[in-house]
Each structure stands twice: as C-alpha cells, then as structure tokens.
Amino acid sequence: MLYALDKTLASEEGFAEVQACLTSPLAKLIIWGLLSALLYHLVAGVRHLIMDMGVGESLEGGKLGSKIVIAVSVVVIVLAGVWVW
C-alpha cells in the first residue's frame, strides 16, 4: 500500500496505473481483508481500554465483552466491505 501511495504521488500516470489496478476484484478483496484486520484490532483495543478502567474484568464480563467485540466488528467490517466494493 505504501508503494501504491508513492506511485500515485509521483505522477499522473502513476496515479492512473494504481487506480486501474485497484479496481480489480482481487485488489478490492485484499484491501477489504486488510481493513477487516485493522478494524477488528481497533475494536478489540477499545475493549481493552475499557477493561483498563475496571469495566468487564470478571469472567462473565470478559465473555460478554468478547461477544460484543465480535458483533461490533462484524458490523463495521460489513460496512467497510460496502465502502470498498
């Protein structure tokens, strides 16, 4: 992704090449996969920040928190998929 960014900033021809490459279904799938991993990591990180404040530190709270993280992640990942496609 950094290479693509560098190429798009280098020239108009580079931007057109990267734009044409990113319209393929395989590229969109890879972008969606990367976004999915980052979004799940973000949501789980927020959960850990909340746990650092003392909320959900019990076994039951941990189980509920993990279910909430998965549910929120699925929603955010689907929205990212709609945005990418």
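The values are calculated or read from the model by the stated rules, or taken from the named source; none is laboratory data. Small disclaimer: the values here were computed from a predicted structure and weren't measured. Here the Cβ positions follow ideal geometry from the backbone for every residue, glycine too, while neighbour counts run over all protein chains shown.
Which of the residues that make up region 50-77 are of a type outside the set (A, V, I, L, M) and in contact with a helix residue (DSSP H, G or I) (Cβ under 9 Å, 6 or more places away or on another chain)?
G56, E57, G61, G62, G65, S66, S73
Which pairs do you get when a residue that is over 21 Å from Y40 (Cβ atoms), found in region 50-71, comes within reach of a residue that is surrounded by 10 or more Cβ atoms within 10 Å (Cβ to Cβ), reach meaning Cβ atoms under 8 angstrom, with the pair 6+ apart or on two chains?
What qualifies is E57/M51.
Is there a residue in region 27-36 that is hydroxyl-bearing (S, T, Y) and either loosely packed, with under 13 Cβ neighbours inside 10 Å or more than 30 Å from E17 (Cα to Cα) (or both)? So that I can check it myself, show each step before the final result.
As a first pass, look at region 27-36 and keep what is hydroxyl-bearing (S, T, Y): 36.
From what is left, the residues that are either loosely packed, with under 13 Cβ neighbours inside 10 Å or more than 30 Å from E17 (Cα to Cα) (or both) are none.
Checked against the condition, which is being hydroxyl-bearing (S, T, Y) and either loosely packed, with under 13 Cβ neighbours inside 10 Å or more than 30 Å from E17 (Cα to Cα) (or both), region 27-36 yields no hits at all.
When you look at L22, is it at pLDDT below 95 and surrounded by 13 or more Cβ atoms within 10 Å (Cβ to Cβ), yes or no?
Working: at pLDDT below 95: yes; surrounded by 13 or more Cβ atoms within 10 Å (Cβ to Cβ): yes.
Yes.
Inspect all residues belonging to region 76-85 and state whether any of them is farther than 24 Å from A4 by Cα, surrounded by 13 or more Cβ atoms within 10 Å (Cβ to Cβ) and not aromatic (F, W, Y).
Yes - at least one qualifying residue is present in region 76-85.
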